[in-house]
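All remarks here apply to the structure that follows.
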Amino acid sequence: MKTKILYFDAPKLTQNNSIIVFTGTDERGFYLIPNESCFFPGGGGQETDKGELVINGEFFNITNAKFIDKQLRIYVDQTSTPLYPGLSADIIIDPVKRSLNSLLHSAGHLLSSVVYEELRLDLQPIKGFHFEAGSHVEFISKSGINQVDLNEINYRLQQNVAAKHPFTSKIVSSKSKEYEDAFSITGFSPEEDDAVRLVTIGGFLSYACGGTHVEHTGCLEGLKVNGYKQKKGNLKIKYGFEKAVEGIKSNTSHNCS
Ligand SMILES: [Zn+2]
């Protein structure tokens with residue numbers, strides 16, 4: 001059975017009760033498959049959640065997670081406690097890390113849209129790295145653009161933050177016109193008739209994405225690009241936040257709803 005993905009519609013959910021439907025071992029180690037999960041295994045540039053499982057009162061640190069055949073394999077260190085299908089498992093994620101990941105990942109989306117669609121530069125986003133250290137979006141350029149006006153990008157980012165465009169998502173068929181019209185990231189090729197999740201900011205192009213996002217662009221206050229560098233013909237534009245990251249970490253601010 002497929003693992004039900006709870007973070008698609010509830011990105012702020014930080015814990016859920018699940019039933020283990022399968023256990024096994026592969027080259028990454030011992031894993032279990034829950035029937036549903038709030039834990040995001042990473043992907044699309046977004047860092048994996050940090051979290052743990054509580055099974056019969058015992059804590060198990062989640063060491064890795066990966067989707068294989070639409071089932072979420074959650075890896076834990078094997079202990080002497082036997083884990084088997086049918087057991088109830090509470091999945092608990094680090095809420096601060098999740099907020100931070102949603103913020104940084106959403107920022108990657110907005111930066112891509114601003115550069116590609118608003119400024120209409122010959123820079124097509126192909127990859128993101130939305131980790132706190134070294135956040136950037138990588139763009140490919142047919143004409144070999146090797147520099148950008150950071151002030152111009154920052155001005156546009158600020159305008160979009162002020163506009164509070166909503167982040168919305170929906171599941172569509174990979175055969176649908178909506179998916180055809182969406183922006184596709186290089187290397188992403190779903191099966192011919194598959195369900196694909198599209199994420200959209202306001203009126204920008206949709207992206208196929210399985211990550212977690214903030215509610216609207218107003219949550220990205222303080223987002224700024226702060227440099228760029230060319231690598232193998234591609235341009236990496238770096239970004240970061242003023243204050244928002246510290247606010248999330250100290251749990252003092254970042255109320256953007
Ligand atoms: Zn996304």
From G86, G108, residue being modelled with pLDDT of 95 or more, part of a loop (DSSP other than H, G, I, E, B) and of a type outside the set (F, W, Y): G86
Residues that are outside any helix (DSSP H, G or I) and buried (at least 18 other Cβ atoms within 10 Å of the Cβ), drawn from segment 93-105: I93
Among residues of segment 77-114, those that are over 17 Å from A10 (Cα atoms) and within 16 Å of the ligand (Cβ to nearest atom), counted: 9
Pick from segment 115-134, criterion under 19 Å from G218 (Cα atoms) and buried (at least 23 other Cβ atoms within 10 Å of the Cβ), ranking: nearest to the chain's Cα centre (by Cα): H130
Residue in segment 47-63 that is within 22 Å of C209 (Cβ to Cβ), in contact with a Leu (Cβ under 6 Å, 6 or more places away or on another chain) and crowded, with 21+ Cβ neighbours inside 10 Å present: no
Test set (1) assigned to a strand (DSSP E or B); (2) within 15 Å of the ligand (Cβ to nearest atom); (3) not small (G, A, S) - F139 fails condition number: (2)
Tally, over segment 220-240, of residues that are out of contact with any helix residue (DSSP H, G or I) (no Cβ under 7 Å at 6 or more places or on another chain) and crowded, with 22+ Cβ neighbours inside 10 Å: 1
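The values are calculated or read from the model by the stated rules, or taken from the named source; none is laboratory data. Note that the coordinates shown come from a computational prediction; the quantities given were computed from them, not determined experimentally. Reconstructed Cβ throughout: ideal geometry from the backbone, glycine too, with neighbour counts over all protein chains shown.
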